[in-house]
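Q: Pasting a structure below so you can have a look.
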Amino acid sequence: MDNDGKEKESGAAIYEFYKSIIEQDLCSIVICNLKHEIIYMNPAGAKKYAKWGGNELVGRSIMDCHNEDSREKMRQIVEWFSEALDHNIVYISYNEKQNRDVYMVALRSGGKLIGYYEKHEFRNRETMKLYDLW
């Protein structure tokens, strides 16, 4: 119970909320540990990277999916993330064909860097109907 007498969510329940947020995201999210191993890929990511193995990429090094120039940039970004608590996001590319921005974002626990993720954001205007429930 918290100070107001309300029941707090358990750690497992909070984990399920966060996991659900990531799994429902329409943009691909690929999460890596500090060894550059892919530890999670949301369904959108698995679909986007299906021709390269999709979910079978989990457990493999993300470095295997990039050329040497990109691998070096990724190493530099992780080093930059580790230098300061406010070093948390880097814009890494723009895909003109898909009108999409790509970022690397630091993941921290108690301020300690524990990994990073690749976040995609599309610039296209949404085509879904507003409040299309029926």
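The values are calculated or read from the model by the stated rules, or taken from the named source; none is laboratory data. Here the structure is a predicted model, which is why all the values come from computation and not from measurement. Cβ coordinates were reconstructed from backbone atoms using ideal geometry, including for glycine residues, and neighbour counts include every protein chain displayed. Ligands, DNA and RNA are stripped out before the accessible areas are found, and what is left, the full protein with its side chains, is counted by its heavy atoms. Shrake-Rupley method; radii C 1.70, N 1.55, O 1.52, S 1.80 Å.
Q: If Met63, Met128 are ordered by their accessible area, calculated over protein heavy atoms with a 1.4 Å probe, which sequence runs from highest to lowest? Don't skip to the answer; put the middle values down first.
A: Working: Met63 20, Met128 125 Å².
So the residues, ranked largest to smallest area, are Met128, Met63.
Q: Under a GNM of the chain (C-alpha, springs under 10 Å), which listed residue has the highest mean-square fluctuation: Gly111, Gly54, Gly11?
A: Gly11
Q: In angstroms, what radius of gyration and Dmax does the chain have, counting Cα atoms only?
A: Calculated on Cα positions, Rg and Dmax stand at 17.3, 55 Å.
Q: Mind telling me which of Met41, Met74, Met104 comes out most flexible in a GNM of the chain, alpha-carbon contacts under 10 Å?
A: Among Met41, Met74, Met104, the largest GNM mean-square fluctuation belongs to Met74.
Q: For Lys8, list the aspartates and glutamates whose Cα falls under 17 Å from its own Cα; do not include residues on the same chain fewer than 8 positions away.
A: Within reach: Glu16.
Q: Any lysines with Cα under 25 Å of the Lys97 Cα? List them, leaving off those in the same chain fewer than 8 positions away.
A: Output for Lys97: Lys47, Lys48, Lys51, Lys73, Lys119, Lys129.
Q: Next question. With charges set only on the Cβ (+1 for Lys and Arg, -1 for Asp and Glu), what does the dipole of the chain come to about its Cα centre, in debye to the nearest 20?
A: Roughly 360 debye, rounded to the nearest 20.
Q: Moving on to the next point. Going by accessible area, probe 1.4 Å, with all protein chains left in place, what is the ranking of Tyr94, Tyr131, largest first? Before the final figure, lay out the partial values.
A: Working: Tyr94 90, Tyr131 195 Å².
From most accessible down to least: Tyr131, Tyr94.
Q: Excluding ligands, DNA and RNA, what is the solvent-accessible area per residue of the chain at a probe of 1.4 Å, expressed in Å²?
A: Heavy-atom accessible area per residue stands at 74 Å².
Q: Along the Cα→Cβ direction, 7 angstrom out, place labels at Ile39 and Arg71. What is the inter-label distance in nm?
A: 2.2 nm
Q: Additional query: Whenever you get a sec, line up Lys8, Lys51 from highest to lowest accessible area (probe 1.4 Å, protein heavy atoms).
A: On the way: Lys8 135, Lys51 165 Å².
Per-residue accessible area, sorted high to low, gives Lys51, Lys8.
Q: Hey, another quick one. Extension gain Leu85-Lys47, at 0.36 nm per residue separation less the Cα-Cα distance, in nm? Present the calculation step by step, with values, prior to reporting the outcome.
A: Numbers: separation 38, 0.36 × 38 = 13.68 nm, distance 3.25 nm.
Going from the current span to full extension adds 10.4 nm.
Q: Report in % the part of the accessible area of region 86-133 that belongs to carbon and sulfur, leaving out ligands and nucleic acids; probe 1.4 Å. It would help to have the intermediate numbers written out before the result.
A: Numbers: 1860 of 3660 Å².
Percent of accessible area from carbon and sulfur atoms in region 86-133: 51.
Q: Also, quick follow-up: Would you grab the residues whose amide H sits under 5 Å from the one on Ile92? Only those 5+ places off in sequence or on another chain, please, with H modelled 1.01 Å from N.
A: Answer set, sorted by chain and number: Val102, Tyr103, Met104.
Q: Of Lys48, Lys19, Lys119, which has the largest mean-square fluctuation in a 10 Å C-alpha GNM of the chain?
A: Highest fluctuation of the listed residues: Lys19.
Q: For Asp25, project a label point 7 Å along Cα to C-beta. Then give me every residue of region 39-74 with its amide nitrogen under 11 Å of that point.
A: Output list for this probe position: 41-45.
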